[in-house]
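Here the structure comes first, spelled out in structure tokens, and everything after it is commentary.
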Amino acid sequence: MRVSQFFISTLKEAPSEAELPSHKLMLRAGYIRKLASGLYTWMPLGLRVLRKVENIVREEMNKSGGIELLMPAVQPAELWQETGRWAVFGPQMLKIKDRHDNNFCFGPTHEEVITDIARREIRSYRQLPVNFYQIQTKFRDEVRPRFGVMRAREFMMKDAYSFHADYASLEQTYQAMHDTYSRIFTRLGLQFRAVAADTGAIGGSGSHEFHVLADSGEDALAFCPDSDYAANVEMAEAVAPAAARAAATQQIQKTITPGQRTIEEVAAFFATSAQNVLKAIAVVTHEDEFVLLLLRGDHQLNEIKAGKLLGEFRFASDDEIHRNMNCRAGYIGPVGSKVRMLADRAAAAMSDFVCGANDDGFHYTGVNFGRDVQLGDVHDLRNAVAGDPSPDGKGTLEICRGIEVGHIFQLRKKYAEALNATFLDAQGKTQVMEMGCYGIGVSRIVAAAIEQNYDERGIILPAAMAPFQVAIVPIGMGKSDAVRGAAEQLYTGLVEAGIEVLLYDRDERPGVMFADMELIGIPHRIVIGERSLKEGNVEYQGRCDAQAQSIPLQNAPEFVKSKLCN
């Protein structure tokens, strides 16, 4: 491709609203252009990258036995009403009406549609298992679209759905999809990690997320470097302390603590650490029960874990706290409390600790379970932290950050039962299908890859994703017949060798051309100038190389091919 016949529109500066490096660089490199909040046009350069991701996803899905189809983006409300999700999916669903006043939505996901296909088309166990997939546009009306295509409202997704006669078959396909996803992200040249995850709004049982590792990732991941254990912090088990709770050495004492309400303030006031301060979090369940959750002061509540114990809950209001505890938030604690209490495992191991006295402006010191307060139910309520024992017993946990780019679920029978997707088994009996769901954020992968691969000069995409493999940059092409001839010769040779090459055939200053090629993320560059040509050479430089190297012009095609193979 020649620059004169292509469309490249780079910017020196990113718009002020761009926050993440990927958002800034995709705008500066001319990969995307904003249309409206959370809506982006994929420009020619960015679309080449997107299509490369899409092609690798498609190739690996086909190898795994997936069967591609394409479902409508606009879906009738009736299907969602059958599963009960029309009323509960939330404001992320964009609901629309046609001219006949019928309700539709712009599909945020396709479980209902694909299950409707299965119940209409699949009759016998002989047609199972089957794994359908599509690569298609989704729309989710995010409350706060941000970070460019990382969290856009409209996005490209690969979603697959498998149907099975029994759970054993589902487990086999689930593992096959796990392996397929690992091959996809490996081929894309990404550093990634698969972690156990919560099923969230999709539902079902087993679930794994695939994360591209990046410091800017929204998700915290807990993993053990000495084993295969890895989980989203939302799901990672916080193992109970191995040591038994120490015996009491202090007497309980009530102390005035005027204005000291936060964990940090209380710890500083008593010249102790947050580990020795008990944190009491007041919540209200969906049944309007007031509950105290007890955690060590340096730990954070895991709302997903708490939700699995309490069901839906919310944090108590100031009025509710005062009504139930007779004090303000910041001074509540377990001593003398008559409300239901759940203690985290680490909190249950505390002794001689500090806690609120249920009296404004006062805290207790020297508090101990058993003597001063009866310990309630003990559960895993907190986020795992670095240094915690690994749940598999093979080391300690470390924490890294990741960007979720894939998610696989064992849906089981949730949607099949709701939509009556059944089949006849070998005995002629009607059975409900087992179901799996497997998603990849195709457009999000591009942004995630850039978050993992960039420098101060621009994008450094893995070779499998780069818009072009090689850039040819002729210096003074419009003035030198020798440079023009060499550039055309090399361009023709590379194209004939099946290499994706971009020839910068516009008459620009060298600095402009170099800056553009580095910004847009082409991994290999060959510079042709009169001085080097006098010796029969051109200059090669890889995108991450510190220095250029001279190579003979006649050997350049073979040299480039060897670099591409490496």
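Summary of values
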{"read-out": "Residue within segment 473-482 that is among the small types (Gly, Ala, Ser), more than 38 Å from the chain's Cα centre (by Cα), modelled with pLDDT under 95 and buried (at least 22 other Cβ atoms within 10 Å of the Cβ) present", "value": "no"}
{"read-out": "Check on GLU417, over 30 Å from ASN276 (Cα atoms), surrounded by fewer than 17 Cβ atoms within 10 Å (Cβ to Cβ) and in contact with a strand residue (DSSP E or B) (Cβ under 6 Å, 6 or more places away or on another chain)", "value": "yes"}
{"read-out": "Some residue of segment 17-31 being within 30 Å of THR492 (Cα to Cα), part of a helix (DSSP H, G or I) and assigned by TED's automatic domain parsing to the domain that holds LYS158", "value": "yes"}
{"read-out": "Count - residues of segment 155-178 that are without any contact (Cβ under 8 Å) to a residue 24 or more places away in the chain and under 20 Å from VAL113 (Cβ atoms)", "value": "0"}
{"read-out": "Residue satisfying all of: in segment 234-256; over 30 Å from ILE399 (Cα atoms) and not in a strand (DSSP E or B); farthest from the chain's Cα centre (by Cα) among these", "value": "GLN251"}
{"read-out": "Matching residues in segment 536-547 - criterion: being farther than 15 Å from PRO474 by Cα and either surrounded by 12 or more Cβ atoms within 10 Å (Cβ to Cβ) or modelled with pLDDT of 90 or more (or both)", "value": "GLY542, ARG543, CYS544, ASP545, GLN547"}
{"read-out": "Criterion: under 30 Å from TYR364 (Cβ atoms) and surrounded by fewer than 19 Cβ atoms within 10 Å (Cβ to Cβ) - qualifying residue of GLN191, GLN251", "value": "GLN251"}
{"read-out": "Residues that are assigned to a loop (DSSP other than H, G, I, E, B) and farther than 25 Å from VAL143 by Cβ, drawn from segment 32-67", "value": "MET43, SER64, GLY65, GLY66"}
{"read-out": "Residue satisfying condition, being without any contact (Cβ under 8 Å) to a residue 12 or more places away in the chain, assigned by TED's automatic domain parsing to the domain that holds HIS23 and not in a helix (DSSP H, G or I), within set GLY428, GLY439, GLY498, GLY406", "value": "GLY428"}
{"read-out": "Check on MET433, over 30 Å from SER22 (Cα atoms) and touching a residue at least 24 places away in the same chain (Cβ under 8 Å)", "value": "yes"}
{"read-out": "Filtered residues of segment 548-565 (kept if surrounded by 12 or more Cβ atoms within 10 Å (Cβ to Cβ) and among the hydrophobic types (A, V, I, L, M, F, W, C))", "value": "ALA548, ILE551, LEU553, ALA556, PHE559, VAL560, LEU564"}
{"read-out": "Criterion violated by LEU11 - all others in (1) under 24 Å from the mean Cα position of the chain (by Cα); (2) in a loop (DSSP other than H, G, I, E, B); (3) of a type in the set (A, V, I, L, M) satisfied", "value": "(1)"}
{"read-out": "Single condition ILE459 does not satisfy, out of (1) in the same structural domain as ARG187 (by TED's automatic domain parsing); (2) buried (at least 24 other Cβ atoms within 10 Å of the Cβ)", "value": "(1)"}
{"read-out": "Within segment 311-338, considering residues that are closer than 24 Å to ASN383 by Cα and either modelled with pLDDT under 95 or among the small types (Gly, Ala, Ser) (or both), the one surrounded by the most Cβ atoms within 10 Å (Cβ to Cβ)", "value": "GLY333"}
{"read-out": "Hits in segment 245-278 - residues which are closer than 14 Å to ASN358 by Cα and among the polar types (S, T, N, Q)", "value": "GLN253, THR255, THR257, GLN260"}
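The values are calculated or read from the model by the stated rules, or taken from the named source; none is laboratory data. Since the model is a prediction, treat every value here as computed from it, not as a measurement. Note: ideal-geometry Cβ built from the backbone for every residue, glycine included; neighbour counts use all protein chains shown.
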